[in-house]
1. Between ASP98 and THR47, what is the spin-label point distance in nm, taking each point 7 Å from the Cα along the Cα→C-beta axis?
2. Here are some pairs, LYS95/LYS129; LYS75/LYS123; LYS88/LYS127; LYS58/LYS120; LYS58/LYS88; LYS75/LYS127; which of them have Cα atoms lying more than 21 Å apart in this structure?
3. Kirkwood-based Rg over Rh for region 39-132 (C-alpha set), two decimals?
4. May I ask you to derive the relative contact order of region 39-132, considering only C-alpha pairs under 8 Å and at least 6 residues apart, and to give it as an integer percent?
5. For the ranges 92-104, 52-64, what's the packing order if you count other beta-carbon atoms within 10 Å of each residue, average per peptide, and put the highest first?
6. Please list the non-local residues whose amide H lies under 5 Å from the amide H of ILE79, H modeled 1.01 Å from N, same-chain partners needing a gap of 5 or more.
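Only the coordinates and a few stated rules stand behind these numbers; no lab work does. As the structure is a computational prediction, the values presented were derived from the model and not from experiment. Quick reminder, even Gly has a Cβ in these numbers, built from the backbone with ideal geometry, and neighbours come from all protein chains shown.
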Amino acid sequence: MSEFRPLFIKSSSSLLDIEISFPLPSRLHTNDSLYIEIDPFYLAADTCQEFVAIHPFKAGNGRMGRLIANALLIKYAGIVIHIGENAKDKETYLKIADLARDGEMAEEARGQLARLFLEKGHKSLDKLKVYFGL
């Protein structure tokens with residue numbers, strides 16, 4: 001059974017504390033046989049943002065970055081997220097991507113992207129619960 005981690009979502013006038021059952025930070029094996037703990041949603045956001053910043057292809061860098069993020073989330077959190085399901089999602093993602101282009105705001109953008117991934121993971125988990133009748 002996974003431990004709970006808090007997810008804080010702002011409402012119009014207060015801060016809600018919602019518990020969800022995503023795993024706490026995963027243990028990653030490093031080359032020197034040490035283990036480090038890292039949040040899988042932050043890792044996915046960081047990797048996605050860095051991939052898009054490198055921009056190795058003429059087109060499709062954002063899609064590939066999101067695929068890489070999902071590969072990491074599958075491995076370390078056991079969940080798939082859907083970014084861009086609707087116009088609002090796409091707009092939110094693109095605003096974060098624009099923020100990431102500003103070198104001074106890159107870390108803020110990374111945090112916002114990790115939060116977006118976590119919220120999307122929560123929605124994916126809710127859909128699975130409905131689908132399986134849990």
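1. 2.8
2. Values: LYS95/LYS129 30 Å; LYS75/LYS123 18 Å; LYS88/LYS127 19 Å; LYS58/LYS120 27 Å; LYS58/LYS88 25 Å; LYS75/LYS127 19 Å.
Checking Cα-Cα distances, LYS95/LYS129; LYS58/LYS120; LYS58/LYS88 exceed 21 Å.
3. Values: Rg = 12.9 Å, Rh = 13.3 Å.
Looking at region 39-132, the ratio lands at 0.97.
4. Computed over region 39-132, the figure is 34 percent.
5. On the way: 92-104: 14.3, 52-64: 12.4.
The packing order, highest mean first, is 92-104, 52-64.
6. Counting only residues 5 or more places away or on other chains, the set is ILE74.
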